[in-house]
């Protein structure tokens, strides 16, 4: 399991140029967020929209990573939770005229419940069989969404079209797409910080211990069943929030956009970004959003061929993903700089 | 009553296809304790090879034999190149590699042969049999499935190579001590599974038509069948495949309508795994800690 362990943290005592390493860490992070916040003003509305989608994926990938990367439960069906979040937002906005942003907490709570409930039978399924059951969930999702007796709510095959996207408040002179990007960025940053704190604390150690050695974890007093179902719930919560955000930014849901390939794309994002890493979610989101744009020019099938090859190549050559690679490179650079 | 019989018979025919893929899944599971998610896509790709050969003017059965041989080789190569290095890696790595394979086969097929739906010829004459409970192709496909099953049974039961393969799956260390090349037995298992998948693909293609996504549902039904019968029991898996085929048709026709058919597979898979993970005929696994 060593390949899945998170990269070693820089020692708090180490210092560079008179400042402790941790301060540099936070400064770098603040600078990155600041750059991400001013970035949309130099980009077109469409490019902003694409970046927003990448951030939405990043949140979903973070959710899947908590479950698969940290807890070791393989899910190939997270597209289903994404779909639940997206449909809850769409139904609330179109049928009940709820404020779009208020649908996010609702989607989060419902997905937490749905994930927890799906996590209960999942307790009895080890590795491969869980992958199989969740894969079946992923394949069945579009069919369930098209179910004709629920058409009144879900819009059946046509899906739901939402007429307008939220505008910037207080008459701020920001375009719709830029405003959506900024809100999504804020939500993504908060969600990633929460995930970081969750995985580094007592709970996080319990989650990782269950992955690495379930029996030892039980012996140490970790309630494995409870933690596993809760992890499933929290993971679904993240993915559900991403689903609701995607409805708000795209203003449209349709059953066929939540097929098994969505779940596979999220898995690709986790593997490329880096299993059991926080920053990996961002790399993964950017990858699954932008790679198809480039590959589409070769052939309609090319993006998926590349996804498949990237999956296998990363498993062989870079099992810690881009995040692991970047962290290792940074660690090497700072060591040279110091020493 | 008449329609019910009809549903049952056509369920048996599709069940035969599920049974073949289930058999392929069980073969790999027995040898490696893994479930190959790419099994369906590999079968789909083999079927495209057969289609291309027939398009080039090759007679059906020659194309059939060549495709099975090519799939056998392909399966062995995949095991040697991609699966072998993952032998000691965590389950997650294997699953990711399988998903990668699934996606690659799916997209390469779309890339080479385009996504337009193609019709695939049936080798069986189009004469009506037994009233109309069975189309000739359905009957032929079921027979082919049973023949494949019989061959697999005879191979494992009566040949020394089959015995060696069973031994390698049962106990690697002891097998090595008596001179069995365990690595090659695993590769051969992959080869056979790919070949069985190819047969199933060629049998199902005339019914569902040939396109890159034709196997996605079939794979799930096969999973459900294999689990229902017991993932470590080839005969059970075949029976499970037939049961799933009939169940899917009857439930689809009378209870929930055709558009929710895949959900039957989902419910079956989760149901079996939760209620009786060893399946109807499988061994109950006890793990030592």
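Entry note, chain A: the mean residue ellipticity at 222 nm calculated from DSSP H runs of n ≥ 4, each adding -39500 (n - 2.57), is -23500 deg cm²/dmol after division by the residues and rounding to the nearest 500. Put simply, the convex hull of the Cα atoms in segment B:196-264 casts, on average, a shadow of 4.8 nm².
With viscosity set to 1.567 mPa s and temperature to 4 °C, compute the Stokes-Einstein D of the protein assembly as shown, Rh being the Kirkwood radius across alpha carbon pairs; µm²/s, no decimals.
Translational D for this selection: 50 µm²/s.
Computed on the Cα atoms alone, the convex hull of segment A:151-235 gives a volume of 179 cubic angstrom per residue. Panel values: chain A, Kirkwood radius from alpha carbon pairs, Stokes-Einstein at 37 °C and 0.692 mPa s, translational diffusion coefficient 158 µm²/s.
Between residue A:318 and residue B:159, the C-beta separation translates, for a Förster distance of 41 Å, into a calculated FRET efficiency of about 0.45.
Between residue A:23 and residue B:87, the modelled labels are 5.4 nm apart [label points 7 Å from Cα along Cα→Cβ]. The residue A:198 and residue B:6 beta-carbon pair, evaluated with R₀ = 51 Å, returns a calculated FRET efficiency of approximately 0.35. In this calculation the C-beta distance from residue A:299 to residue A:101 is compared with R0 = 56 Å, giving a FRET efficiency of 0.90. One chain, two ends: residue A:335 and residue A:38. Fully extended at 0.36 nm per residue, the span grows by 103.8 nm beyond their Cα-Cα distance. With N counted as the residues of segment A:85-224, its alpha-carbon radius of gyration over 2.2 N^0.38 Å works out to 1.37. In chain B, helices alone account for a calculated mean residue ellipticity at 222 nm of -24000 deg cm²/dmol, with every DSSP H run of four or more residues adding -39,500 (n - 2.57). Projected onto planes of every orientation and averaged, the convex hull of the alpha-carbon atoms in segment B:158-289 covers 10.5 nm². Computed over every Cα-Cα pair of segment A:199-339 and binned at 5 Å starting from 0, the pair-distance distribution P(r) comes out as 2, 8, 12, 17, 17, 16, 12, 8, 5, 2, 1, 0 percent.
By the Kirkwood approach, averaging reciprocal distances over each pair of separate Cα atoms, segment A:74-156 gets a hydrodynamic radius of 13.7 Å. Against the empirical curve 2.2 N^0.38 Å, the C-alpha radius of gyration of chain B lands at a ratio of 0.99.
Bear in mind that the values in this text are calculations on the coordinates, not laboratory data. As the structure is a prediction and not an experimental result, all values here were calculated from the model. Methodologically, a virtual Cβ is constructed for each residue, glycine included, from the backbone with ideal geometry; neighbour enumeration extends over all protein chains shown.
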